[in-house]
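K.L.:
Quick one: the structure is below, questions incoming.
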């Protein structure tokens with residue numbers, strides 16, 4: 001290298017060398033002369049993070065109301081409930097006969113109520129759901145429950161979405177939209193929400209009255225019931241089709257938000273395709289865990305009904321249990337009374353991400369929310385992975 | 001509960017922690033890496049929204065190099081056998097100044113000769129002074145290599161004979177050195193583009209650290225991993241396990257236990273006590289001394305003073321856009337953009353203290369390095385800016401979303417006008433990592449994504465020279481952005497490597 005270069009910083013070059021020698025004493029002096037005031041343990045941003053995203057929240061159930069024959073509203077109260085974005089869910093932690101399970105439920109109340117320490121959940125009793133049955137039998141006024149912080153990405157984002165949202169709801173899929181409608185009323189959100197609410201009969205249209213009340217006072221909210229099993233004057237009849245969507249959407253650009261059971265997604269999804277919308281204008285909430293994996297394309301037919309050995313490493317412990325090919329690895333872990341981390345149970349959020357040490361799993365493509373490098377290095381989301389052989393996994397400590 | 005014993009416990013699986021744990025495990029030390037989050041990497045990670053997988057933080061990694069000319073990081077990774085697919089970044093940067101009077105738009109290439117040639121094109125008669133600048137940078141790089149190898153104990157004779165220019169410039173800022181070399185004003189403005197990667201204006205930023213970074217970028221180019229920085233983190237994790245180390249997630253170290261001035265163990269939030277004589281801490285020094293160290297009250301005052309003398313680096317703000325058009329369709333022709341309202345980075349630095357000022361934007365369009373990083377017909381754009389100190393203090397639960405989204409809207413407008421393109425109608429996915437987000441996932445102190453500011457008095461060199469003085473407790477060393485190498489990806493990894501080696505050396509004296 002050319003050494004001819006001779007840098008002159010100041011007129012007198014010798015001072016530069018002196019400055020170098022002073023680097024250490026200068027730094028020492030800076031330290032010594034600084035005040036000895038205490039270091040803030042939780043600065044503002046960390047405090048805000050703890051408020052917005054608590055890992056756990058504890059509530060008392062303070063009110064139980066029947067919304068329909070099969071849907072019940074629970075009021076959760078606490079000193080503080082994390083603020084959230086209308087459309088988000090919380091994951092409820094349950095202990096059913098020693099099985100630690102979780103279920104995600106959309107928060108149906110307005111974010112405003114969270115400031116007063118309240119959330120509302122609207123839970124529909126599933127036909128063969130042992131968790132909802134447990135909830136209906138056990139959650140009473142005074143019951144203490146634990147939940148996650150608010151989670152999920154099913155909310156309005158003005159930088160991304162059209163000013164008008166066509167909300168397509170089925171069953172208890174109405175709950176996030178009920179939260180959005182109230183958020184609009186309360187001045188927290190600002191968009192036009194036109195709800196196409198699919199129900200079997202008018203009696204089953206939970207929250208319809210409450211939504212009508214909001215629509216009366218706020219022109220941005222509109223509610224249309226689409227009844228499949230009954231014909232009633234003033235109500236749409238049949239299923240939610242492309243034509244109905246077009247009719248209510250009008251001529252302005254719109255985004256479709258969809259929340260409901262898997263069967264609705266299957267049917268309405270095809271109808272939405274007919275509309276030729278850009279992908280960015282169609283969003284859907286996750287539908288919860290996959291119940292009939294054997295019906296999914298690509299699930300090996302000869303795997304139905306198979307039982308495998310599942311070895312679970314967690315912290316220092318190793319547990320061996322049995323796993324069914326048609327139940328997710330997460331369910332097998334919960335059956336073994338091991339606490340596994342989980343939130344969305346649909347493969348998306350990655351909370352249950354675990355290391356697959358050996359074995360093969362089946363993952364429904366739609367629910368493979370894994371990162372590329374996770375696939376490369378052998379990680380799976382156990383909530384959306386189904387055993388196809390004996391498995392050895394390592395799950396994170398909760 | 002039975003107590004476990006390890007040769008070394010590494011607290012935090014950020015870049016520094018991963019690199020340190022891999023180093024000690026490779027050296028045969030029984031290593032335990034503990035991370036509070038469920039993922040390794042800290043900011044070196046990835047996240048999925050819809051059909052896009054975003055890179056949270058890495059713009060480009062310098063010091064990787066390629067077969068035949070590995071840089072320090074590249075050599076370290078290769079030595080560990082990390083399985084990472086590296087993709088070269090096409091150009092150094094495009095710098096766009098939007099101020100009416102200062103307006104310019106330049107694109108600078110990698111390669112020393114190419115860079116100097118291009119500079120001559122933009123700024124006639126800059127060749128000689130810019131060449132001198134890079135000669136000096138090269139000497140700085142060599143000198144730092146020598147200082148690193150001497151582990152804070154350099155031979156003064158070697159320094160004065162071989163690295164005299166380095167010695168002369170070591171206590172000066174970037175601006176002072178550039179002015180002394182008589183580099184034309186516009187050339188200085190272009191040379192200073194990377195200042196935001198270090199987050200201190202060039203009037204205060206130590207020249208050595210900037211010079212070393214610049215020359216590494218230009219000589220070796222920059223690289224990014226094919227599968228986002230999550231790929232690097234997982235490759236490290238695999239190496240740690242392969243070398244016999246243990247990794248536990250979802251567990252927070254609450255206390256570093258000290259007896260008679262030496263580390264004796266740690267305690268986790270699960271109540272477990274783990275015995276060890278060596279702790280490598282990836283958390284900042286002031287967090288360790290301020291709330292983790294137990295049994296060494298005598299160092300508290302010293303630690304407080306040290307922290308109060310320093311400035312915590314910029315708070316991160318990153319907006320991620322998944323776009324439903326290709327980069328070409330949108331007119332996003334480059335990989336790395338710096339869009340600054342003015343060349344005056346002192347002014348930009350002071351604007352970081354106020355939210356809503358939108359001080360500057362460092363932008364990456366990943367598709368221009370990895371065309372298939374997002375599905376066909378789409379592209380991804382990531383925009384980073386920085387804030388300081390109290391800029392976010394008025395943000396609470398209820399105005400949080402608006403606070404972060406207002407900035408994003410402003411950013412979109414700025415990009416559209418600076419580059420004369422339209423992206424606002426192509427946004428399919430959108431997400432923001434605010435200072436709160438960095439605090440949430442990585443426990444970033446007040447949302448800072450950098451370490452202590454590398455001002456001249458506290459830059460790489462004085463820290464290197466005072467490595468021994470900075471050891472407050474036997475067996476407790478620090479790696480990562482707040483440690484001696486200052487911040488940035490490559491510094492994080494290399495600090496972990498050095499500290500891992502030093503800890504190994506310490507451990508040889510245990511018996």
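The values are calculated or read from the model by the stated rules, or taken from the named source; none is laboratory data. What you see is a predicted model; the values in this text were computed from it and never measured. When we count neighbours, we look across all protein chains shown, and the Cβ atoms used for this are built from the backbone with ideal geometry, even at glycine.
K.L.:
Among the residues of region A:29-41, what is the count of those that are facing another protein chain (nearest Cβ under 7 Å) and assigned to a helix (DSSP H, G or I)?
P.N.:
Residues meeting the conditions: 3.
K.L.:
Follow-up. Looking at A:370, A:345, which is the one that is assigned to a loop (DSSP other than H, G, I, E, B) and modelled with pLDDT of 95 or more?
P.N.:
A:370
K.L.:
Sticking with this structure for a sec: Considering only region B:39-58, I want to know if a residue exists there that is over 29 Å from residue B:376 (Cα atoms) and within 14 Å of another protein chain (Cβ to nearest Cβ).
P.N.:
For region B:39-58, residues over 29 Å from residue B:376 (Cα atoms) and within 14 Å of another protein chain (Cβ to nearest Cβ): present.
K.L.:
While we're looking at this one, here's another question. If you go through region B:397-428 one residue at a time, how many are more than 7 Å from chain A (Cβ to nearest Cβ), surrounded by 13 or more Cβ atoms within 10 Å (Cβ to Cβ) and not in a helix (DSSP H, G or I)?
P.N.:
Of the residues in region B:397-428, 3 are more than 7 Å from chain A (Cβ to nearest Cβ), surrounded by 13 or more Cβ atoms within 10 Å (Cβ to Cβ) and not in a helix (DSSP H, G or I).
K.L.:
Mind listing just one residue for me: the one in region B:438-486 that is part of a loop (DSSP other than H, G, I, E, B) and out of contact with any helix residue (DSSP H, G or I) (no Cβ under 9 Å at 6 or more places or on another chain) and, of those, farthest from residue B:264 (Cα to Cα)?
P.N.:
Per the criteria, the residue is B:468.
K.L.:
Out of all the residues in region B:345-358, which are buried (at least 17 other Cβ atoms within 10 Å of the Cβ) and assigned to a loop (DSSP other than H, G, I, E, B)?
P.N.:
Those that are buried (at least 17 other Cβ atoms within 10 Å of the Cβ) and assigned to a loop (DSSP other than H, G, I, E, B): B:352, B:355, B:357, B:358.
K.L.:
What single numbered condition from (1) within 14 Å of another protein chain (Cβ to nearest Cβ); (2) surrounded by fewer than 17 Cβ atoms within 10 Å (Cβ to Cβ); (3) modelled with pLDDT of 95 or more fails to hold for residue A:79?
P.N.:
Failing condition for residue A:79: (1).
K.L.:
Being at pLDDT 95 or above, out of contact with any helix residue (DSSP H, G or I) (no Cβ under 9 Å at 6 or more places or on another chain) and not in a loop (DSSP other than H, G, I, E, B) narrows it down to one residue among B:287, B:263; which is it?
P.N.:
Sole residue among the options that is at pLDDT 95 or above, out of contact with any helix residue (DSSP H, G or I) (no Cβ under 9 Å at 6 or more places or on another chain) and not in a loop (DSSP other than H, G, I, E, B): B:263.
K.L.:
Here is a follow-up. Of the conditions (1) within 30 Å of residue A:108 (Cβ to Cβ); (2) crowded, with 20+ Cβ neighbours inside 10 Å, residue A:391 fails just one. Which one is it?
P.N.:
Going through (1) within 30 Å of residue A:108 (Cβ to Cβ); (2) crowded, with 20+ Cβ neighbours inside 10 Å one by one, residue A:391 breaks only (1).
K.L.:
Also: Tell me which residues, restricted to region B:3-17, are within 12 Å of residue B:233 (Cβ to Cβ) and part of a strand (DSSP E or B).
P.N.:
B:14
K.L.:
Take the conditions under 18 Å from the mean Cα position of the chain (by Cα) and at pLDDT 95 or above and apply them to residue B:400. Does it pass?
P.N.:
Considered against the rule, which asks whether it is under 18 Å from the mean Cα position of the chain (by Cα) and at pLDDT 95 or above, residue B:400 comes out as no.
K.L.:
Separate question: Which condition number in (1) touching a helix residue (DSSP H, G or I) at 6+ places or on another chain (Cβ under 9 Å); (2) surrounded by fewer than 23 Cβ atoms within 10 Å (Cβ to Cβ); (3) in contact (Cβ under 8 Å) with a residue 24 or more places away in the chain; (4) within 14 Å of chain A (Cβ to nearest Cβ) is the one that residue B:382 fails?
P.N.:
Condition not satisfied by residue B:382: (4).
K.L.:
Any chance you could count how many residues in region B:275-319 are more than 19 Å from the chain's Cα centre (by Cα) and either surrounded by 19 or more Cβ atoms within 10 Å (Cβ to Cβ) or at the interface with another protein chain (Cβ under 10 Å from one of its Cβ atoms) (or both)?
P.N.:
Total satisfying the criteria: 21.
Condition check ((1) in a helix (DSSP H, G or I); (2) within 11 Å of chain A (Cβ to nearest Cβ)) across all residues:
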site: B:158; (1), (2): yes, no
site: B:171; (1), (2): no, yes
site: B:189; (1), (2): yes, no
site: B:210; (1), (2): yes, no
site: B:224; (1), (2): no, no
site: B:238; (1), (2): yes, yes
site: B:250; (1), (2): no, yes
site: B:254; (1), (2): no, no
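K.L.:
Taking region B:74-102 only, how many residues are at pLDDT 95 or above and either assigned to a helix (DSSP H, G or I) or in contact with a strand residue (DSSP E or B) (Cβ under 6 Å, 6 or more places away or on another chain) (or both)?
P.N.:
Selection size over region B:74-102: 17.
K.L.:
Which residue, of B:476, B:508, is over 21 Å from the mean Cα position of the chain (by Cα) and surrounded by 23 or more Cβ atoms within 10 Å (Cβ to Cβ)?
P.N.:
B:476
K.L.:
Additional query: Would you confirm whether any residue within region B:482-493 is without any contact (Cβ under 8 Å) to a residue 40 or more places away in the chain, in contact with a strand residue (DSSP E or B) (Cβ under 9 Å, 6 or more places away or on another chain) and under 30 Å from residue B:27 (Cβ atoms)?
P.N.:
Yes: one or more hits.
K.L.:
So, residue B:197, is that one in a helix (DSSP H, G or I), touching a residue at least 12 places away in the same chain (Cβ under 8 Å), away from chain A (no Cβ under 14 Å) and in contact with a strand residue (DSSP E or B) (Cβ under 8 Å, 6 or more places away or on another chain) or not?
P.N.:
So residue B:197 passes the test.
K.L.:
Go through (1) surrounded by fewer than 19 Cβ atoms within 10 Å (Cβ to Cβ); (2) within 14 Å of another protein chain (Cβ to nearest Cβ); (3) touching a strand residue (DSSP E or B) at 6+ places or on another chain (Cβ under 6 Å) for residue B:146 and report which single condition fails.
P.N.:
Going through the list (1) surrounded by fewer than 19 Cβ atoms within 10 Å (Cβ to Cβ); (2) within 14 Å of another protein chain (Cβ to nearest Cβ); (3) touching a strand residue (DSSP E or B) at 6+ places or on another chain (Cβ under 6 Å), residue B:146 breaks only (3).
K.L.:
Could you list, in sequence order, the residues of region A:301-314 that are surrounded by fewer than 16 Cβ atoms within 10 Å (Cβ to Cβ) and in contact with a strand residue (DSSP E or B) (Cβ under 7 Å, 6 or more places away or on another chain)?
P.N.:
If the condition is that a residue be surrounded by fewer than 16 Cβ atoms within 10 Å (Cβ to Cβ) and in contact with a strand residue (DSSP E or B) (Cβ under 7 Å, 6 or more places away or on another chain), then A:307, A:309, A:313 are the ones that fit.
K.L.:
Only one of (1) touching a helix residue (DSSP H, G or I) at 6+ places or on another chain (Cβ under 7 Å); (2) within 14 Å of another protein chain (Cβ to nearest Cβ) is not met by residue A:396, so which one is it?
P.N.:
Unmet condition: (1).
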